[in-house]
Amino acid sequence: MADILETIKEAGVVGAGGAGFPTHVKLRCNAEIVIANGAECEPLLNVDQYTMRDAAAEIVAGLNAAMQVTGAKRGVICTKEHYHDAVASLQKAVHGKDGISLKLMKSTYPAGDEQVMVYEVTGKVVPTGGLPIDAGAVVLNVTTLRNIYRATQGTPVTNRSVTVTGEVASPVTLEVPIGTPYQALIDRAGGPKQSDDYVALIGGPCMGALESDWSKPVTKTTGGIIVLRADHPLVATKTNDFARDVKLAKAVCCQCSLCTQMCPRNALGLKVEPHKAMRAAANGDGALLGDVNGVFSCCSCGLCTYYACNFGLNPSAMMTRMKEGLSRAGVKPEKKIAYPVSEGYALTKLPVYRLESRMGMDGFEANAPLVREELAVSSVTIPLKMHIGAPAEQVVSVGTRVKRGDLIARIPEGKMGANVHASIDGTVAAVDGQAIRIER
């Protein structure tokens, strides 16, 4: 099993569906169950759906490897029931595989939240300050599992599938070398050139971040690029303006608590209460937060902001700021579950189509077909930090000839991190301590 972990480590595999936690570290545990996350939580993105359709056998093989490493007896692949082609491929791939099964889910938000998924599969709640392993589970994105399988076949992580949609002529899902600039993908989708009139949302509509510099590169965790007009309401909501948000909280928030009532993690008994964050901000009194422990269980999914609040306020951003402030102050979460799962838990499952409509996303094409041919690029700029942990340290210099898959940066000795590999054949043209540029 140690050999498999070392193989995963050497290949630079990280969590493809989240913050990029190094997979070889996550799998260094004893688990009862490994859960494959194929729910593709965010609206408009198609990457996981196509990965499951086209690489089901690789996903199942990666899941089996993860089960071997962790000692898990069960493996469950979670996906949405309306992904008919993906479900058919997965059913074929799991046939006859002992201990591996499918769980089909409705198209609701946030179905892909790992806390929600652990509860749906196991009936157990991950405590505030805890991890899925506290409930005996390890959760891995389906692309991560495919990358685990490929690592066992000697192929490191060099490519990424990305959905490009929004204000583009031809929404599309592309396979691209890591380090490809956003603009190249937007061009391929028939989108605009970078200008003050447009902004790109990197990730999904709910948890993605605004980006005005389209020369920045695709990383191991980039799953979507959504092009929006600069005057789209979502852009204003996502623009970090604390003073504006506080002013609106003072003037408008009526403490109806609908944001808290609709929070899935609050319904799981984790005491996530956005309305109290708004109250504390509006009155400038942190004591009005009450028990701050639940703040740490907020996953910033944005459901409270983008759907629950009828006044267009931003409780999600307020919760995120308070969580960051508590962390800076040295406050740590207490590992506990505040109360039993609510009888109304099922009522927090929001149909994705309703969320899309409320966010002004329903006018965008939800189907971005996969182009199998890899996008050709003349150069890539590969960041040394695409993961949680320390940046990788370069092992190449300007002028070094590299082939795709060659190691170009290694985990620092004694640190947590991830290896980085060349994503194209070429010559190292620049190294600046932040990234390595390779030109063909």
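The numbers here are math on the coordinates, done by the rules we state, and not lab data. Model, not experiment: these values are computed from the prediction. We place every Cβ from the backbone using ideal geometry, glycine too, and count neighbours over all the protein chains shown.
Let me make sure I get this right: for region 318-404, a, b and c are the square roots of the gyration tensor eigenvalues over alpha carbons, sorted descending. Under 1.5 in a/c it's rounded, otherwise prolate if a/b > b/c, else oblate. Which is it?
oblate
Assuming R0 = 22 Å, can you tell me the calculated FRET efficiency for the pair residue 371 and residue 439, based on Cβ-Cβ distance, to the nearest 0.05?
The computed FRET efficiency comes out at 0.40.
Evaluate the distance, in nm, between pseudo-label points positioned 7 Å from the Cα of residue 101 and of residue 170 along their respective Cα→Cβ axes.
Here the answer is 4.3 nm between the modelled labels.
Cross-link candidates for residue 124: which aspartates and glutamates have Cα within less than 16 Å, leaving aside residues fewer than 8 places away along the same chain?
Of all the aspartates and glutamates, those that pass the test against residue 124 - Cα under 16 Å, at least 8 places apart if same chain - are 32, 113, 114, 134, 343.
Check which residues have an amide H placed less than 5 Å from residue 227's amide H, if you skip close sequence neighbours.
Here 165, 166, 167, 201 satisfy the definition.
Lone cysteines in the chain, defined as no other cysteine's Cβ under 4.7 Å from theirs: which are they?
29, 41, 78, 206, 253, 254, 256, 263, 298, 299, 301, 309
Between residue 211 and residue 358, what FRET efficiency comes out of the Förster formula 1/(1 + (r/R0)^6) with R0 = 30 Å and r the beta carbon distance, rounded to 0.05?
The value I calculate is 0.85.
Name the lysines eligible as straight-distance cross-link partners of residue 332: C-alpha to C-alpha under 20 Å, and not fewer than 8 places from it in the same chain.
Cross-link targets: 271, 276, 323.
Would you please give the FRET efficiency between residue 236 and residue 256, computed as 1/(1 + (r/R0)^6) with r the Cβ-Cβ distance and R0 = 22 Å, to the nearest 0.05?
Given R0 = 22 Å and the Cβ-Cβ separation, E is 0.50.
Are there any GluC sites (Glu not before Pro) in region 31-61 that are in a DSSP loop and have at most 16 other Cβ atoms within 10 Å? List them by number.
For GluC sites (Glu not before Pro) across region 31-61 that sit outside H, G, I, E and B with at most 16 neighbouring Cβ atoms in 10 Å, the list reads 32.
Output the relative contact order of the chain, whole-number percent, from Cα pairs under 8 angstrom with separation of 6+ residues.
Across the chain, relative contact order equals 18 percent.
Which residues' amide hydrogens lie under 5 Å from the amide hydrogen of residue 103, considering only partners 5 or more residues apart or on another chain, with H built in the peptide plane?
Residues meeting the criterion, in which the H sits 1.01 Å from N, are 77, 78, 79.
Exactly which GluC sites (Glu not before Pro) in region 271-343 are in a DSSP loop and have at most 15 other Cβ atoms within 10 Å?
Hits after loop and neighbour filter: 334, 343.
Through the Karplus equation 6.51 cos²θ - 1.76 cosθ + 1.60, θ set to phi - 60°, convert the phi angles of region 93-109 into ³J(HN,Hα) values in whole Hz; use x for Gly and Pro.
Karplus values, whole Hz, x for Gly and Pro: 6, 8, 4, x, 8, 4, x, 10, 9, 10, 10, 9, 10, 6, 7, 10, 10.
Whole-Hz ³J(HN,Hα) for each residue in region 13-26, computed from phi via Karplus 6.51 cos²θ - 1.76 cosθ + 1.60 with θ = phi - 60°, x for glycine and proline: what do you get?
6, 10, x, 7, x, x, 8, x, 5, x, 5, 5, 7, 4
What does the charge count near residue 214 come to, summing +1 for each Lys or Arg and -1 for each Asp or Glu among other residues with Cβ under 14 Å from its Cβ?
-3
Amide H neighbours of residue 41 under 5 Å, counting only residues 5+ apart in sequence or on other chains, H built in-plane at 1.01 Å?
Amide H neighbours of residue 41: 112.
Would you calculate, for the chain, the mean residue ellipticity at 222 nm contributed by helices, counting each DSSP H stretch of 4 or more residues as -39,500 (n - 2.57) and dividing by all residues, to the nearest 500?
Helix-only estimate at 222 nm: -8000 deg cm²/dmol.
For region 242-349, rounded, prolate or oblate, judged on the Cα gyration tensor with a ≥ b ≥ c (square roots of eigenvalues), a/c < 1.5 rounded, else prolate if a/b > b/c?
oblate
For region 225-231, take each phi angle, set θ = phi - 60°, evaluate the Karplus expression 6.51 cos²θ - 1.76 cosθ + 1.60, and give the result in whole Hz per residue in order, putting x for glycine and proline.
Per residue, the Karplus-derived 3J(HN,Hα) values read 10, 10, 8, 10, 5, 4, 9 Hz.
Reachable lysines from residue 403, Cα under 22 Å, same-chain residues fewer than 8 places away excluded?
Qualifying lysines at Cα under 22 Å: 9, 220, 385.
With a cap of 12 neighbouring Cβ atoms within 10 Å, and only residues DSSP puts in a loop, list the trypsin sites (Lys or Arg not before Pro) found in region 87-196.
Sites meeting the loop and neighbour criteria: 106, 193.
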